[in-house]
Amino acid sequence: MAKSKKIVTTFKDLPVGKPVEISALIDSESWGSRRLTNERKNTWDVTVLLVAWQVGDGPIIREGLSLRAIDWDKESSATLVRQCPRGRAIQFTGIRPKNLGIFRPFVKLVGSVEKAKQPLVKPPTKKNATPQEITDKVFGQLKYDRKSRVYTCEKTFRNQPLSIEFEAADAEQLDTMLAAAKGLWKQRNAWFGKWRDSAFEDYMDGMVDEWWQGDRPLTRALFNKHLGWPCGLSFRMEEGVVHFCLTGLSEALYGDHGIDGWGTEVDDMEISFA
């Protein structure tokens, strides 16, 4: 691996088109995101926002930078997003492209992302009081876990327990997520039904050969019976937009895997494996 001879202190110092080893800190208020770029080829782009980074043993640079993985397949892109949770220190090989286009400064991922061996010094964060416990009219008592930085509560849907998490950086962000979550919760029958329909369509499209009762056709009704209803629900903020993730488990259908439904609205949902 060729190393940059020049000490990199800004994005403009990165050599164009040459791979460099980078350690970076993911934005504590944002997760990695992905989008479908070619429906016919089923290729995806992943973007991860970085708030601090360094090249090799150089100085830590506190300029915003994006890590982009371009034209990945569906499963690999979903795995990469899960490997890039907010606040994590990572290391990877990146290349500065010749043309940024309409995008903010970014480097293209080469290879895989790994957890950094040495954590970067976290940049100073603004102080914003976060209550340890609040009571909401819809979701009831929410308790805050400082270590994981999430509010948690328990609800039930059709007699099935449902664990809910709000990944909030501060009280203001929690208020924004609660407002969006309440709107979705009012539509929970249609919302959870959409999750099951999307999971069924995804299963029939790519996994029906794994159906263990080969002599018994897998109907939508039988699929729903095995899948049940979501057992987990989480909310997070990404670039000012509230995203949700509905999670379910079914050993009969997915074995040791779970099934996630990601989206922002009831009719906007993408299925992936947990």
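The values are calculated or read from the model by the stated rules, or taken from the named source; none is laboratory data. Since this is a predicted model, take the numbers as computed values, not measurements. Note: ideal-geometry Cβ built from the backbone for every residue, glycine included; neighbour counts use all protein chains shown. We work out accessible area using only protein heavy atoms, side chains counted, and drop any ligands, DNA or RNA first. Shrake-Rupley method; radii C 1.70, N 1.55, O 1.52, S 1.80 Å.
Listing for the model above:
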quantity: Nearby aspartates and glutamates by direct alpha-carbon distance to Lys117 (threshold 20 angstrom, same-chain neighbours under 8 apart not counted); calculated: Glu21, Asp27, Asp57
quantity: Rounded to 5, the percent of DSSP beta bridges in the stretch 128-273 classed as antiparallel; calculated: 90 percent
quantity: Cβ-placed point charges (K, R +1; D, E -1), dipole of the chain about Cα centre in debye, nearest 20; calculated: 1040 debye
quantity: Of Pro97, Ser234, Met207, farthest towards positive along the dipole that unit charges on Lys, Arg, Asp, Glu beta carbons give the chain; calculated: Pro97
quantity: Principal-axis tilt of helix 171-185 within the chain, Cα atoms, nearest 10 degrees; calculated: 30 degrees
quantity: Length-normalised contact order for the chain - Cα pairs under 8 Å, 6+ apart - percent; calculated: 13 percent
quantity: Lysine-lysine proximity count for the stretch 128-273, Cα under 21 Å, sequence distance 8 or more or distinct chains; calculated: 12
quantity: Packing rank of 77-87, 13-23, 33-43, where each peptide gets the mean count of other beta carbons within 10 Å, highest leading; calculated: 77-87, 13-23, 33-43
quantity: Overall form of the chain per C-alpha gyration tensor (a/c, 1.5; a/b vs b/c); calculated: oblate
quantity: Whole-percent carbon and sulfur share, accessible surface of the chain, 1.4 Å; calculated: 48 percent
quantity: Degrees between helix 188-206 axis and first principal axis of the chain (Cα, 0 to 90, nearest 10); calculated: 70 degrees
quantity: Accessible area of the chain divided out per residue, in Å², using a probe of 1.4 angstrom; calculated: 55 Å²
quantity: Prolate/oblate/rounded call for the stretch 128-273, Cα gyration tensor, a/c under 1.5 rounded; calculated: prolate
quantity: Dipole magnitude of the stretch 128-273, debye to nearest 20 (Cβ charges: Lys/Arg +1, Asp/Glu -1, about Cα centre); calculated: 760 debye
